[in-house]
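> Starting off with a structure, shown below.
Just so you know, all these numbers are worked out from the coordinates, no wet-lab data involved. Since this is a predicted model, take the numbers as computed values, not measurements. Positions of Cβ are backbone-derived with ideal geometry, glycine not excepted, and every protein chain shown enters the neighbour counts.
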Amino acid sequence: MLETIERNATPAAAAQQPGLMAHVRETLRVNRYALSTERNYCHWIWRFILFHGKRSPREMGAAEVESFLSHLATAENVSAKTQNQALHAVLFLYKRVLGIDLPWIDGITRARESKRIPVVLTQRETQALLRHVHGTSGTIIKLLYGTGMRLLEGLRLRIKDLDLERREIIVRQGKGDKDRVTMIPASLVEELRDHLQARRMMHDRDLATGHADVELHDAIQRKYPAAAQQWAWQYVFAAASYSTDPRTGAYRRHHVGEWVIQRAVKAAAQKAGIPKLVHPHTLRHSFATHLLENGSDIRTVQELLGHSDVKTTMIYTHVLNRGGRGTVSPLDRIA
């Protein structure tokens with residue numbers, strides 16, 4: 001990522017844009033972009049600058065952006081998704097950081113967009129996988145499948161967003177900065193209740209050691225100065241140890257790391273003997289497909305997943321457990 005490129009660049013190159021990159025990071029944080037997005041955007045902005053011989057972006061414009069993005073597609077053969085990410089990063093640089101509106105960019109050689117059918121587990125495979133998950137990671141994995149949440153949506157849950165009595169979760173700031181409501185599976189209520197009791201004891205110990213602060217958006221921190229130590233704002237799934245915030249340097253307890261769940265899902269799939277490439281997002285795909293298989297209305301599934309357009313949800317109608325989109329094979333008719 002950006003750090004790797006900076007190490008490989010010459011000291012002179014790294015020194016030419018220090019103020020600009022700091023401004024980029026500051027603008028991303030003011031606009032509440034995720035840390036992963038910040039790293040990706042900084043990576044592509046630095047790549048853009050290096051591609052054009054470390055020239056100042058103020059000296060460049062649409063033509064240079066087009067040549068950089070076309071190079072990614074033709075010389076580096078990146079995917080359409082990767083090229084689009086680079087485009088958004090560079091446009092962010094010009095519009096939000098430098099305050100420059102580029103004319104419409106239409107001379108880009110577009111990377112070929114691939115249409116992929118998502119990997120989905122059968123209900124039997126899902127049962128087999130869930131038999132091999134345990135502890136806090138197991139609770140998270142079962143919750144991801146049982147609610148259809150994205151991995152980070154599940155990891156970023158706060159205590160106040162769970163209502164065990166109503167079996168309801170409010171998913172805050174999902175994709176597109178939208179909130180939505182999803183269910184808590186009845187079979188997980190007692191497991192979550194036990195987890196919250198253990199989590200409360202952990203929070204009490206953090207209060208005693210002076211490390212109970214939790215990450216909050218600046219606006220909330222200013223409005224509610226004491227919120228960072230309050231139980232309601234704590235992460236439901238907190239990390240086992242303290243860590244240093246890479247942005248602020250604060251030493252405190254963060255939520256469980258993404259890689260912890262990614263490894264746990266991969267290990268469970270291997271133990272279950274599932275011959276598919278399984279990752280946490282596969283559980284979301286499986287949630288949607290299994291709901292449709294069991295007769296749920298596609299609009300309901302759309303709302304639970306937080307899709308803006310039902311066309312996005314429609315992809316799951318192509319992966320239902322009906323080969324050939326539900327068409328009966330002629331072999332079956334004559335057999």
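> Please go through segment 49-78 and pick out each residue that is in a loop (DSSP other than H, G, I, E, B) and of a type outside the set (Ser, Thr, Tyr).
His52, Gly53, Lys54, Arg55, Met60, Gly61, Ala75, Glu76, Asn77, Val78
> Pick out the one residue from Asp204, Asp213 that is outside any loop (DSSP other than H, G, I, E, B) and of a type in the set (Asp, Glu).
One residue alone meets the criteria, Asp204.
> Give the residue, chosen from Gly174, Gly154, Gly146, that is touching a residue at least 60 places away in the same chain (Cβ under 8 Å), under 14 Å from Glu191 (Cα atoms) and buried (at least 17 other Cβ atoms within 10 Å of the Cβ).
Gly146
> Does segment 218-239 contain at least one residue that is without any contact (Cβ under 8 Å) to a residue 40 or more places away in the chain and touching a strand residue (DSSP E or B) at 6+ places or on another chain (Cβ under 7 Å)?
yes
Okay, residues lined up against (1) aliphatic (A, V, I, L, M); (2) crowded, with 19+ Cβ neighbours inside 10 Å:
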residue: Arg222; (1), (2): no, no
residue: Pro225; (1), (2): no, no
residue: Ala239; (1), (2): yes, no
residue: Ser243; (1), (2): no, no
residue: Thr248; (1), (2): no, no
residue: Tyr251; (1), (2): no, no
residue: His255; (1), (2): no, yes
residue: Lys266; (1), (2): no, no
residue: Ser286; (1), (2): no, yes
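> Looking only at segment 191-213, filter to residues that are under 19 Å from Ile141 (Cα atoms) and among the aliphatic types (A, V, I, L, M); which one of those is surrounded by the most Cβ atoms within 10 Å (Cβ to Cβ)?
Here the answer is Leu192.
> Let me ask another. For the condition buried (at least 17 other Cβ atoms within 10 Å of the Cβ) and touching a strand residue (DSSP E or B) at 6+ places or on another chain (Cβ under 9 Å), what is the one hit in Ile169, Ile141? Break it down into steps so the answer makes sense when it comes.
Values: Ile141 fails: touching a strand residue (DSSP E or B) at 6+ places or on another chain (Cβ under 9 Å).
Answer to the check: Ile169.
> Same structure again: Within segment 34-91, track down each residue that is among the polar types (S, T, N, Q) and surrounded by 15 or more Cβ atoms within 10 Å (Cβ to Cβ).
The answer is Thr37, Asn40, Ser67, Ser70, Thr82, Gln83, Asn84, Gln85.
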